[in-house]
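These notes concern the structure reproduced below.
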Amino acid sequence: MHRRAPLYYFFLGVLTSSSCLIFSVAAQVPSNSQQSSTRSEAETASWFEAHRTQPAALRAFVQRMPKGGDIHSHLSGAVYAEHYLEWAATDGYCVNPKAGALVEPKACGQDSSYFPASELLNRTSVYDSLINRWSTRNFQFAGKSGHDQFFEAFSGFGPISDSMSRRDDMVASVANRAASQHITYLELMLTVQGSEVRQLGREVGWNKDLQEMHSQLLKRGLTKLVTLGNQQFAQLEREVSKTLGCGTPSAQLGCAVTVRYLQQTTRTKSPVEVFAQWLYSTGGDR
């Protein structure tokens, strides 16, 4: 015998059907915010097409466009060559015009052709040559591939970028530029305690028993190096904050950018050095 459904099931069915009907209608009628967003997208696309052949206008457009985050960014390669030359002048470096290279302050008197980096702005041909060597500007005229030009540039500004003395200025410079381009998050790659960790790896030596090699690295001082590295990162953050003037009325734009750091590992070294660096980058507890 067929049973009659309870009355509340009938009402539930009506309510559910009504809800579905209301939801369906609501889904078909765009909200004011959706309409505004669609209109903005159309206006932006129209402006972009109208200015496609105007590089200066397009650059300004792209610079103002919000971009989110910049990750896997090598700090030393993210700094403009002009900044390195400015710091070289301030820190007393000289220039070897024949080699197109920096000379450490203590070696400035070794050759009569060397001149102070502070004079670079008066020697525009050498200045322009160094900018081209230390960047990918005009690389098509360098007689080499963009790949080679890029990787060879690092050796030029290495004396400054490898030193901790300008690390805060480097981070501050990149953070300020990121803020001006509406980038709100940075993951900067740099190396702290790199040579010390690789040396420890060489002292311990390769062992096919990775667990044993792990234990030996910890026993021989890797934990101490991790502690020192953490202290250096903490010190760097304090110096960057001070350089940018964060928390003061004169705070620079870079203060609004979230910065995180990634420890680099040089994968072209010997297996034990690579292993030691990897273990160091994990804090030594993996």
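The values are calculated or read from the model by the stated rules, or taken from the named source; none is laboratory data. All values derive from a computational prediction rather than experimental measurement. Cβ atoms come from the backbone with ideal geometry, glycine included; neighbour counts cover every protein chain shown. With ligands, DNA and RNA removed, areas are computed over all heavy atoms of the protein, side chains included. Shrake-Rupley method; radii C 1.70, N 1.55, O 1.52, S 1.80 Å.
Taking 0.36 nm per residue of sequence separation and removing the Cα-Cα distance, the residue 208/residue 147 pair yields an extension gain of 18.4 nm. The label point for residue 37 and the one for residue 237, both projected 7 Å from the Cα toward the Cβ, are 3.4 nm apart.
Tell me, in nm to one decimal, what length is gained between residue 154 and residue 125 on full extension, where the rule is 0.36 nm per residue of separation less the Cα-Cα distance? If you can, show how the numbers build up before the last one.
On the way: separation 29, 0.36 × 29 = 10.44 nm, distance 2.06 nm.
Additional length available on full extension: 8.4 nm.
Roughly how many Å² is the accessible area per residue of segment 126-178, as a whole number, for a 1.4 Å probe? Can you show the working numbers first?
On the way: 2600 Å² over 53 residues.
Value returned for segment 126-178: 49 Å² of accessible area per residue.
Between amide H atoms placed 1.01 Å from N, distances below 5 Å from residue 283 occur with no residue 5 or more places distant or on a separate chain.
Listed by chain and number, the aspartates and glutamates placed with their C-alpha closer than 20 angstrom to that of residue 208 are 273, 285; residues fewer than eight positions away on the same chain are left out. At q = 0.13, 0.15 Å⁻¹, what is the log10 ratio I(q)/I(0) for the chain, with the Debye formula run over Cα points and no solvent? Reported log10 I(q)/I(0), two decimals: -1.08, -1.27. The largest accessible area among 198, 167, 64 belongs to the first residue in 64, 198, 167, and the rest follow in falling order (1.4 Å probe, all chains).
The stretch between residue 274 and residue 44 holds 78.0 nm of extra length on full extension. This uses 0.36 nm per residue minus the Cα-Cα distance.
With charges only on Cβ, +1 for K and R and -1 for D and E, what is the dipole size of the chain about its Cα centre, in debye, rounded to 20?
Values: 28 positive and 25 negative charges, 180 e Å.
Roughly 860 debye for the chain.
Computed over neighbours whose Cβ is under 11 Å from that of residue 269, the net charge equals +2, Lys and Arg +1, Asp and Glu -1. Helices of the chain meeting both criteria, an alpha-carbon length of 24 angstrom or more along the long axis and an average Kyte-Doolittle score not below 0.5, with helices taken as full DSSP H segments, are 7-28. Tally Lys/Arg at +1 and Asp/Glu at -1 over every other residue whose Cβ is under 15 Å from the Cβ of residue 116; what's the total? That sum, taken over residues with Cβ under 15 Å, equals -3. Using the Cα gyration tensor of segment 181-286, with a ≥ b ≥ c the square roots of its eigenvalues, what is the shape: rounded (a/c below 1.5), prolate (a/b larger than b/c) or oblate (neither)? Note, shape of segment 181-286 comes out prolate.
Leaving out ligands, DNA and RNA, what percent of the accessible area of the chain is carbon and sulfur, probe 1.4 Å? Present the calculation step by step, with values, prior to reporting the outcome.
Values: 10040 of 18240 Å².
About 55 percent, which is the carbon plus sulfur part of the accessible surface.
Solvent-accessible area per residue in segment 30-87 equals 69 Å², computed with a 1.4 angstrom probe and all protein chains kept.
A crude spin-label estimate for the pair residue 57 and residue 224, with each label 7 Å from Cα along the Cβ direction, gives 6.4 nm.
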